[in-house]
Each structure stands twice: as C-alpha cells, then as structure tokens.
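Beneath this line is the structure, given in structure tokens, with notes to follow.
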Amino acid sequence: MSIAAFLASIGFQQYRAHFEKHAIDEDVLAELTSEDLLTIGVEPLGHRKKILAAISDRLKEDHAEEATDDAHQRNVAVLFADLVDSTTISQRLAPEALRDFTSAHQAISKNAVEHYGGKVAQFLGDGVLAFFGFPRAHEDDV
C-alpha cells in the first residue's frame, strides 16, 4: 500500500504532501516518531498519536501475515522400509553382487519416494528412511 493510500485509509490524506515533501515512504514509516511528524508539519498532537497508532497496527498486521505464511502445523509421514531376509540374501551373494543389489534397491526406493513427493532422509544398510510432507507439504502426504 502506498503512503497516499495509507493516509487516506486512516482519514489523514491532508498530510500527503507533507510526507511526499520529506520523502517518507514505506521503508521509513515504521521509524517515525511524534517529533518526526511534528517536524514535517503534522501539528495537532491528536493527529500525530492517531497516525502513530495506525502505523503500529499496520506493522502488527504485516508481522501477523508473515507469521501466518511461515508458521503452520503440518502433518509429516515417516517411512522406514528394509529388505525382507536381507541377512539370508547377503549370505548367498558375493560381496560385489550384494553391493550391486543394495545399490539397485536404494535407487528404486529413492525413485519411488520422490515420485510420490517424498524425500529420502537416509539409507541405513538395506533400509531407507523417508519423509513425506517435509520439506514440501502436499495435501495428501499422510
């Protein structure tokens, strides 16, 4: 919202020229004091107090919107899956074949998790730990 629109919204559009003359924009608005407003020509104390209160309310609204955008509850699903009978498989395969088998299992697991919007957090031996709903949430993650 522009300074002109802000002043109009609180009923003090008569001070628009004062704000423009002194290059008061949105970046400076939050730093204004009663003395600053007096310096730029807002003489009635009541007007200065009302303008400062409106600035304070606006800053609170802006911070509330930022907090609402960033902070919210989300459901996260955690998946841990490992190979059935991996000990038996490891006893039957040569070390190189087991490494290839495990690498293939990890690649397939990673592709499946990412296909459904999840993120692999860690591979633990023959297991995979994955999150759904973190870092990006989807409506149906859980």
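May I ask you to give the percent of accessible area on the chain that is carbon plus sulfur, with a probe radius of 1.4 Å?
That share works out to 53 percent.
Give me the percent relative contact order of the chain, please, defined on Cα pairs under 8 angstrom at least 6 residues apart.
It rounds to 20 percent for the chain.
State the volume of the convex hull built on the alpha-carbon positions of the chain, expressed per residue in Å³ and rounded to an integer.
On the way: hull volume 23.1 nm³, N = 142.
Dividing the Cα hull volume of the chain by its residues yields 163 Å³.
Kindly express, to the nearest 10 degrees and within the range 0 to 90, the angle between helix 95-115's C-alpha long axis and the longest C-alpha principal axis of the chain.
Helix 95-115 sits roughly 40 degrees off the main axis of the chain.
Find the lysine pairs in region 1-120 meeting two conditions, Cα atoms under 30 Å apart and a separation of 8 or more places or different chains, and report how many there are.
On the way: K21/K49; K21/K50; K21/K60; K49/K60; K50/K60; K110/K119.
Close lysine pairs found across region 1-120: 6.
The values are calculated or read from the model by the stated rules, or taken from the named source; none is laboratory data. Source: prediction; values computed, not measured. Surface areas here come from the heavy atoms of the whole protein model, side chains and all, with no ligands, DNA or RNA. Shrake-Rupley method; radii C 1.70, N 1.55, O 1.52, S 1.80 Å.
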